[in-house]
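Right, one structure below, let's go through it.
FYI, it's all coordinate maths here, none of it is from the lab. These figures come from a predicted structure and were not determined experimentally. As a convention, Cβ positions derive from the backbone with ideal geometry for all residues, glycine included, and neighbour counts pool all protein chains shown.
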Ligand code: PGA
């Protein structure tokens, strides 16, 4: 049976206190966490080690992901200020790559996305590559023919807008992604909430969701977990 993946992407939000409240609140409701689901929480990097330790101490079946890695890291080089994949080993299993906000704000190219994917392979991290259009998946194919990680389809109009894609529309793009990469797990992201999550998960080609706004407040996120 396929495992449903629920990703909480806190983006540039969260304090130490909020992070611990999140873990404690989820722990109080841990009967909602089903073995058929993989929850991945992606805090800002400064909180990742803290969250990883907190979920481990509570024995929660939750994995931690980073929101990005640097692609300009070469073995043996000194890179002040950059976060290379070597730094994530202790605190993250997954890493989001090519989120539309990083593509836009950091001028990330498809080649940079591919470089980051190569780095995740080398450092045993599982990439969650975000694409806002099918062309970005086609570009990934040029560099990584055998990509078998996770791809999150996140249309630009749906991110943070309260205006999600339709489940059928998202499924259509997910099926095209699967034609390109038969082995990938496809997620949908963009204004997912507790009310609409099931509609996406009911689709044949969608195996999970990537959640932004509704992920930092544990009560909203638990609503998604409950209804998934
Ligand atoms: P949203 O963000 O859930 O706030 O739309 C999703 C994302 O940016 O990954």
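Residues in the range 143-163 that are within 16 Å of the ligand (Cβ to nearest atom) and out of contact with any helix residue (DSSP H, G or I) (no Cβ under 9 Å at 6 or more places or on another chain): 150, 152, 157, 161. Out of all the residues in the range 8-26, is one or more within 16 Å of the ligand (Cβ to nearest atom), touching a residue at least 40 places away in the same chain (Cβ under 8 Å), within 23 Å of residue 203 (Cβ to Cβ) and under 13 Å from the mean Cα position of the chain (by Cα)? Taking every residue of the range 8-26 in turn, at least one turns out to be within 16 Å of the ligand (Cβ to nearest atom), touching a residue at least 40 places away in the same chain (Cβ under 8 Å), within 23 Å of residue 203 (Cβ to Cβ) and under 13 Å from the mean Cα position of the chain (by Cα). Tallying residues that are buried (at least 22 other Cβ atoms within 10 Å of the Cβ) and in contact with a helix residue (DSSP H, G or I) (Cβ under 7 Å, 6 or more places away or on another chain) within the range 193-213 yields 5. If you filter the range 98-118 down to residues that are free of Cβ contacts under 8 Å to residues at least 60 places away in the same chain and touching a strand residue (DSSP E or B) at 6+ places or on another chain (Cβ under 7 Å), you find that the one that is nearest to residue 133 (Cα to Cα) is 100.
Just to be sure before I move on: is residue 190 near the ligand (Cβ under 10 Å from one of its atoms), surrounded by 15 or more Cβ atoms within 10 Å (Cβ to Cβ) and at positive phi in the structure I sent? It is true that residue 190 is near the ligand (Cβ under 10 Å from one of its atoms), surrounded by 15 or more Cβ atoms within 10 Å (Cβ to Cβ) and at positive phi. Screening the range 164-178 for residues that are more than 9 Å from the ligand (Cβ to nearest atom) and over 12 Å from residue 134 (Cα atoms) and picking the one that is surrounded by the fewest Cβ atoms within 10 Å (Cβ to Cβ) gives 168. In the range 98-120, the residue that is nearest to residue 178 (Cα to Cα) out of those that are over 14 Å from the mean Cα position of the chain (by Cα), buried (at least 18 other Cβ atoms within 10 Å of the Cβ) and within 16 Å of the ligand (Cβ to nearest atom) is 113. The condition of being buried (at least 17 other Cβ atoms within 10 Å of the Cβ) and more than 16 Å from the ligand (Cβ to nearest atom) holds for only one of 55, 46, 95, that being 55.
Mind listing just one residue for me: the one in the range 121-132 that is part of a loop (DSSP other than H, G, I, E, B) and surrounded by 14 or more Cβ atoms within 10 Å (Cβ to Cβ) and, of those, farthest from the ligand (Cβ to nearest atom)? Applying the filter and picking the extreme gives 123.
Does the range 105-120 hold any residues that are assigned to a loop (DSSP other than H, G, I, E, B) and in contact with a helix residue (DSSP H, G or I) (Cβ under 6 Å, 6 or more places away or on another chain), and which are they? Even if it seems obvious, please write down each step before you answer.
At the first step, the residues of the range 105-120 found to be assigned to a loop (DSSP other than H, G, I, E, B) are 106-109.
Matches in the range 105-120: 108 only.
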